[in-house]
Every structure is written in C-alpha cells, then in structure tokens.
Amino acid sequence: MHPLLTIAVRAARRAGDVIIRASNQRDSLTIDTKQRNDFVTEVDRQAEQEIIQIIHKAYPDHAILGEEGGQIGDNEVTWIVDPLDGTTNFIHGLPHYAVSIGIEVRGRLEHGVIHDPVRGEIYTASRGVGAFLNDRRIRVTPARSLEGTLIGTGLPFRDFTHAPAYYGMLQAIASKAAGIRRAGSAALDLAYVASGRLDGYWELGLKPWDIAAGVVLVQEAGGIVGNLSGEPDGFMDSGNLVCGNPRLFAALVRDIQPHLTPSLMARS
Ligand code: IPD
Ligand code: CA
Ligand code: CA
C-alpha cells in the first residue's frame with residue numbers, strides 16, 4: 001500500500017472509532033446548524049481533529065482541506081477530508097455514514113479512502129493500482145443501459161435553485177431504472193458504484209470533500225466520473241457529478257442533458 005494511503009487508512013479508522021463511540025451516546029449530542037439543513041455535531045469536529053493530528057504527525061508540511069476546519073497550509077499534497085459524511089443520518093441514528101479522505105498531488109486526485117465504521121468496511125484506491133474493499137479488488141458493474149439498474153442520487157435539500165431541473169432528471173432516470181436510492185452519504189454512494197452495489201450515481205451541488213476519495217475509487221474500479229454534460233472534468237468545482245461504467249455514464253448523461261438549464265450548463 002502506498003505510504004500516503006496507509007496514513008489515510010489509519011486516520012479514517014481513528015475517526016471511525018470516534019463516530020461509533022459517539023453513536024452510542026447520541027442523547028448527549030450537541031447539534032449546531034451551519035445553515036438551513038446543514039448540521040454539524042461535536043463528533044464531526046472531533047473526528048476531523050483526529051484525522052488532522054494523524055496526517056500532520058506523519059506529514060507536517062502537507063496541506064489539509066477539511067469540511068469543518070477549511071484549508072490549512074499550502075503544499076503540493078492536499079488531503080481533502082470529510083470526517084463524517086452523512087451527518088443527517090448520524091443525528092437520526094440511521095446507520096449509514098462514512099469517513100472520506102482523498103489525497104490530491106499537484107492538482108490531481110491520486111488516493112482515496114472511504115471508511116464505513118458501522119459495517120467495518122474500508123474502501124481504498126490509488127491511481128494505477130486499482131480499487132479495493134477490505135483488500136478485495138472491486139469493479140463497477142457491466143450494465144449496458146439503464147434498464148434493470150439501481151441508481152444512487154441525492155435530492156436537493158439546502159439550495160433549491162436547480163430543483164426543477166433535478167426533478168426532471170430524476171423522472172427521466174427513474175422511469176427507466178429498476179430503482180433509485182437516496183441513502184444520504186455521497187461518499188458511500190461513490191464507494192457503492194465502485195464496488196458494484198449501485199450501477200451509477202448522480203448528484204448536484206456536492207463539495208470537494210464529499211467526492212474527492214470516491215472519484216479515485218470509481219475511476220480505479222473501471223468507472224467514469226464526469227460533469228452533467230458528460231465531460232471528464234469540472235465536477236470538483238461545480239459539485240455536479242455523474243458516474244458509472246462507460247456505457248451507463250453515457251446513458252445517464254443522455255437523460256440528464258435535456259434538463260440542463262443555461263446556468264447549470266455554465267457550471268456543469
Ligand atoms: C452530505 C451527504 C449527502 C449529500 C449532501 C452532502 P454531509 O454530506 O453526502 O448525501 O446529499 O450533498 O452535503 O453534510 O453529511 O457531510
Ligand atoms: Ca459530506
Ligand atoms: Ca460531513
């Protein structure tokens with residue numbers, strides 16, 4: 001395993017321990033609202049602190065972009081950290097959330113770890129090496145069209161600017177797929193596409209820490225990640241992302257494109 005990935009796994013496990021301990025004492029949880037429907041608990045902050053400590057012990061100079069703490073430092077290596085992806089699930093005791101750590105080297109995503117502490121699952125990937133679930137190689141599914149597929153997504157819940165366009169996409173895709181899932185953790189949605197539990201996934205308005213690790217996982221599992229127009233870039237800035245195996249990616253983009261508004265196209 002690449003040394004950077006080894007540290008990322010250690011950090012993700014430690015954060016997972018913090019989250020599981022706190023999940024057993026949810027009654028005493030302090031919940032703050034960052035903005036409407038955007039919650040943070042002391043668990044998010046504690047988990048991020050644990051991750052930062054482990055990274056900086058091994059690599060004191062590396063930069064970190066954390067959801068809770070923002071950007072720390074400036075370096076050719078940036079760790080992109082979501083200490084608890086699926087906070088709304090966590091707050092409600094719904095056991096579906098994860099720790100996500102992506103590593104960008106000179107502007108390119110190179111490594112990713114997603115840890116589901118509830119199921120004890122660790123997803124890892126390094127560019128050129130492949131994607132793994134608990135050391136077992138994983139691949140995207142071979143689905144050739146939307147028929148019969150299970151597709152992950154996220155519903156608009158904070159910013160409703162693009163909700164009409166999104167629901168147009170949802171109607172088009174749901175009318176062809178076997179099922180749609182809104183499970184509440186973008187990191188796990190991506191890990192599930194990489195491991196074949198979902199055939200594809202799309203969501204609008206994501207943040208870099210939601211997707212950095214998952215992008216490497218899906219790509220290393222043989223999938224394609226792109227923006228709403230089907231281009232292989234732009235999604236880290238826009239937060240609008242589509243993924244799946246190459247054929248399914250194209251099929252999703254075909255059903256998404258008719259619903260793109262000028263403002264979505266400008267920031268696809
Ligand atoms: C959220 C989850 C959710 C997605 C949201 C994210 P958080 O992350 O990934 O599935 O729909 O866009 O913000 O806030 O729980 O870390
Ligand atoms: Ca998140
Ligand atoms: Ca989070």
Using beta carbons and a limit of 6 Å, which pairs, at least six apart or on different chains, have the first residue in the range 248-265 and in contact (Cβ under 8 Å) with a residue 60 or more places away in the chain and the second one loosely packed, with under 15 Cβ neighbours inside 10 Å?
251/145
Here are some residues: 222, 154, 184. Which one is at positive phi, modelled with pLDDT of 95 or more and within 16 Å of ligand 2 (Cβ to nearest atom)?
184
Quick one: count up the residues across the range 75-96 that are under 24 Å from residue 6 (Cβ atoms) and open to solvent by 30 Å² or more (accessible area, probe 1.4 Å).
2
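Conditions tested, residue by residue: (1) away from ligand 1 (no atom under 16 Å from the Cβ); (2) free of Cβ contacts under 8 Å to residues at least 24 places away in the same chain.
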position	(1), (2)
80	no, no
109	yes, no
120	yes, yes
125	yes, no
For the range 155-175, which residues satisfy the criterion of being in contact with a Gly (Cβ under 8 Å, 6 or more places away or on another chain) and within 16 Å of ligand 3 (Cβ to nearest atom)?
158
Just the residues that are assigned to a loop (DSSP other than H, G, I, E, B) and either without any contact (Cβ under 8 Å) to a residue 12 or more places away in the chain or open to solvent by less than 60 Å² (accessible area, probe 1.4 Å) (or both), please, taken from the range 129-160.
135, 138, 140, 141, 143, 145, 146, 149, 154, 156, 160
Taking the residues in the range 23-57 that are at pLDDT below 85 and among the hydroxyl-bearing types (Ser, Thr, Tyr) as candidates, determine which candidate is nearest to ligand 2 (Cβ to nearest atom).
41
Return a yes/no flag: does the range 106-124 have any residue that is outside the structural domain of residue 193 (by TED's automatic domain parsing), among the hydroxyl-bearing types (Ser, Thr, Tyr), in contact with a Phe, Trp or Tyr (Cβ under 6 Å, 6 or more places away or on another chain) and within 13 Å of ligand 2 (Cβ to nearest atom).
no
Take the residues in the range 209-248 that are among the small types (Gly, Ala, Ser) and within 16 Å of ligand 3 (Cβ to nearest atom); name whichever of them is farthest from residue 136 (Cα to Cα).
239
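The values are calculated or read from the model by the stated rules, or taken from the named source; none is laboratory data. Predicted model only: the values in this text are computed from it and were never measured. Backbone-built Cβ (ideal geometry, glycine too); neighbour counts: all protein chains shown. Side chains included, ligands, DNA and RNA excluded: accessible areas come from the protein's heavy atoms. Shrake-Rupley method; radii C 1.70, N 1.55, O 1.52, S 1.80 Å.
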